[in-house]
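*Asks:* Below is one structure. I have some questions about it.
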There are 2 protein chains.
Amino acid sequence: MALNGVKALVFDVFGTVVDWRSGVAREAAQFLAGHGVDADPFAFADAWRRRYSPAMEEVRSGRRPFERLDVLHRENLDTVLPEFGLDAAKVTAAELDELNLAWHRLDPWPDSVAGLTRLKARYIIAPLSNANIVLMLDMSKRAQLPWDAILGAEVVRAYKPTPESYLRTAEVLAMRPEEVCLVAAHNSDLAAARTCGFKTAFVVRPTEHGPRQTTDLEAQAAWDVVAKDFVDLATQLGA
Amino acid sequence: MALNGVKALVFDVFGTVVDWRSGVAREAAQFLAGHGVDADPFAFADAWRRRYSPAMEEVRSGRRPFERLDVLHRENLDTVLPEFGLDAAKVTAAELDELNLAWHRLDPWPDSVAGLTRLKARYIIAPLSNANIVLMLDMSKRAQLPWDAILGAEVVRAYKPTPESYLRTAEVLAMRPEEVCLVAAHNSDLAAARTCGFKTAFVVRPTEHGPRQTTDLEAQAAWDVVAKDFVDLATQLGA
């Protein structure tokens with residue numbers, strides 16, 4: 001089998017396990033309507049998400065000490081508001097804190113829980129996400145994601161795709177890198193993990209970015225496994 | 001109710017959730033017999049455990065950088081062997097590494113899984129143990145402990161009972177200390193947690209140290225909850 005010797009599957013989460021765009025848009029819609037803003041809530045979700053990687057890059061580059069994602073999301077939210085004609089000073093902090101928790105309340109793709117439940121019987125399963133622990137904990141409890149543990153950026157204090165984020169995760173698991181497989185819907189994440197010696201599984205999520213998505217529609221390298229969803233992944237792995 | 005406002009229950013594990021002494025003795029018995037040593041395996045477990053707190057004290061005092069418990073257990077094992085007439089140089093490292101994993105294979109007390117399952121429906125539940133992540137992960141997967149996340153010393157890089165171990169855990173949970181309750185069978189652990197503002201729940205485990213146990217047989221302070229086991233705890237908390 002493609003994953004001979006693998007003991008743990010670690011998962012990218014935003015886009016791979018959960019549909020962040022619909023979830024954020026759902027809560028943004030209420031927020032925008034409450035402030036009389038006539039704007040596409042999906043555009044709001046996209047604008048907020050666009051600031052995600054640059055914010056982490058400040059940490060990855062060493063220009064800023066490690067800071068958990070909830071804090072970065074909250075800072076980014078302040079900068080998104082003017083783009084939608086909102087004055088941050090006129091919105092209460094409590095309301096923005098609440099909207100920031102939209103990231104804690106994302107729904108899984110329809111196959112995620114069923115696939116993870118099967119995979120858990122055969123492998124250790126854990127998120128390896130840039131989300132901080134309580135974000136992932138809240139999301140997982142609400143969505144009933146059956147993780148064995150919550151790993152990720154806050155545990156190893158390093159953001160993907162730095163090598164430290166993968167290598168320290170293998171170290172926490174007391175495994176060699178080739179005993180760990182990253183499952184992700186993003187070719188770039190898999191490429192970085194493979195460089196560190198991880199096994200790789202690509203799961204296509206063709207609507208992560210909406211109906212007109214142009215990226216990550218197919219495997220761009222010979223990943224160890226390519227699956228159409230988590231149920232297919234479980235079947236391919238005999239789980 | 002005693003725990004009004006509490007959102008998360010965090011648990012001491014060795015002694016409180018699992019019976020470390022019987023589990024370690026079970027594997028030590030095989031090991032000792034394999035080396036022709038006629039010794040009480042419970043005495044071996046006690047001798048190994050006796051080195052636990054002094055080893056962590058090296059880290060707590062700042063004399064040694066943080067090191068995960070698996071490493072401390074393994075070092076301590078080397079120093080226990082001569083006490084039982086064994087020459088560490090005559091035992092293979094692989095065999096000692098395997099015996100060290102006895103701590104990953106401890107059985108829960110009979111009420112632990114049933115009680116945790118009920119408590120999980122009402123609270124976030126997570127270990128706050130000095131065990132490292134993969135130790136807790138292996139133990140929990142084998143014993144089906146239904147944690148929402150694995151917290152503890154390795155996540156916060158601090159050993160109990162330092163204030164940092166409790167306060168950083170509350171910070172990871174994005175909660176005020178009084179929103180977190182420590183559940184433990186040890187009065188000293190609860191006292192340290194209360195000093196940090198945590199709520200406290202004492203569960204008596206009268207045979208953690210065997211049939212002649214003399215410590216922690218009763219609550220030594222007015223803890224917020226006192227329960228006779230995890231099922232009783234769940235009932236008292238309406239879970």
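*Asks:* Hey, what do the phi angles of segment A:2-10 turn into as Karplus ³J(HN,Hα) couplings, whole Hz, using 6.51/-1.76/1.60 and θ = phi - 60°, x for Gly and Pro?
*Replies:* These are the phi-based 3J(HN,Hα) values: 4, 10, 3, x, 7, 10, 9, 9, 10 Hz.
*Asks:* Further question on the same structure: Suppose we keep just the DSSP beta bridges with both residues in the protein assembly as shown; what percent of those would be antiparallel, to 5?
*Replies:* Around 5 percent of the beta bridges assigned by DSSP in the protein assembly as shown are antiparallel ones.
*Asks:* Loop-only check: which chymotrypsin sites (Phe, Trp or Tyr not before Pro) in segment A:1-96 are DSSP coil with at most 15 other Cβ within 10 angstrom?
*Replies:* Answer by residue number: A:Phe66.
*Asks:* Can you give me the long-range amide H partners of B:Ala185? Hydrogens built in the peptide plane at 1.01 Å from N, cutoff under 5 Å, separation of 5 or more residues or another chain.
*Replies:* B:Thr16, B:Val203
*Asks:* Then there is this: Compute the signed sum of charges (Lys and Arg +1, Asp and Glu -1) over the other residues within less than 12 Å, Cβ to Cβ, of A:Ser188.
*Replies:* -1
*Asks:* Please report the spacing between the Cα centers of segment B:92-142 and segment A:84-140 in Å, no decimals.
*Replies:* 26
*Asks:* Any idea what the relative contact order of chain B is, in percent, if you count C-alpha pairs under 8 Å spaced at least 6 apart?
*Replies:* 25
*Asks:* Mind checking which aspartates and glutamates have their C-alpha under 18 Å from B:Lys120, skipping anything on the same chain fewer than 8 residues away?
*Replies:* A:Asp138, A:Asp148, B:Asp12, B:Asp111, B:Asp148, B:Glu179, B:Asp229, B:Asp232
*Asks:* So, one more: I'd like the mean, over residues of A:166-174, of how many other protein chain beta carbons sit within 10 Å of each residue's own Cβ.
*Replies:* Rounded to a whole number, the mean comes out at 3.
*Asks:* Just the accessible area for A:Asp111, please: 1.4 Å probe, Å², rounded to the nearest 10?
*Replies:* Only protein atoms counted, so the area is about 20 Å².
*Asks:* Can you list residues from other chains, or at least 5 along the same chain, whose modelled amide H is less than 5 Å from the amide H of A:Trp109?
*Replies:* Here the answer is A:Val18, A:Asp19, since their amide H atoms fall under 5 Å of that of A:Trp109.
*Asks:* Once phi is turned into ³J(HN,Hα) by the Karplus curve 6.51 cos²θ - 1.76 cosθ + 1.60 with θ = phi - 60°, what whole-Hz value does each residue of segment B:214-225 show in order, with x for glycine and proline?
*Replies:* 10, 10, 6, 7, 8, 5, 9, 8, 7, 5, 4, 9
*Asks:* Keeping all protein chains in the complex and leaving out DNA, RNA and ligands, what accessible area do you get for A:His35 with a 1.4 Å probe, in Å² to the nearest 10?
*Replies:* That residue has around 60 Å² of solvent-accessible surface.
*Asks:* How well do other chains shield peptide B:12-22, expressed as the mean number of their Cβ atoms within 10 Å of each residue Cβ?
*Replies:* 0
*Asks:* Using Cα pairs closer than 8 Å and at least 6 residues apart in sequence, work out the relative contact order for segment A:102-177, in percent.
*Replies:* Taking the mean separation of contacting Cα pairs over the length of segment A:102-177, I get 29 percent.
*Asks:* In the structure shown, do any of A:Lys199/B:Lys141; A:Lys7/A:Lys228; A:Lys7/A:Lys141; A:Lys7/B:Lys199; B:Lys7/B:Lys228; A:Lys160/A:Lys228 have a Cα-Cα gap over 31 Å, and if so which?
*Replies:* Over 31 Å apart, Cα to Cα: A:Lys7/B:Lys199.
*Asks:* Could you work out the relative contact order of segment A:143-236, using alpha carbon pairs under 8 angstrom and six or more residues apart, expressed as a whole percent?
*Replies:* 19
*Asks:* Still on this model: Run the helix sum for chain B: -39,500 (n - 2.57) per DSSP H stretch of 4+ residues, divided by residue count, reported at 222 nm to the nearest 500 deg cm²/dmol.
*Replies:* Mean residue ellipticity at 222 nm (helix-derived): -12500 deg cm²/dmol.
*Asks:* Give the average, rounded to an integer, of partner chain Cβ atoms located within 10 angstrom of each Cβ in A:192-201.
*Replies:* The mean count of partner-chain Cβ atoms within 10 Å per residue comes to 0.
*Asks:* Whole-Hz Karplus ³J(HN,Hα) for segment A:45-57, in order, using 6.51 cos²θ - 1.76 cosθ + 1.60 and θ = phi - 60°, x for Gly and Pro?
*Replies:* 4, 5, 5, 5, 5, 4, 8, 5, 5, x, 5, 5, 4
The values are calculated or read from the model by the stated rules, or taken from the named source; none is laboratory data. Just so you know, these numbers come straight off a predicted model, no measurement behind them. Virtual Cβ from ideal backbone geometry, glycine too; neighbours counted across all protein chains shown. SASA here: full protein model, heavy atoms, side chains in, ligands and nucleic acids out. Shrake-Rupley method; radii C 1.70, N 1.55, O 1.52, S 1.80 Å.
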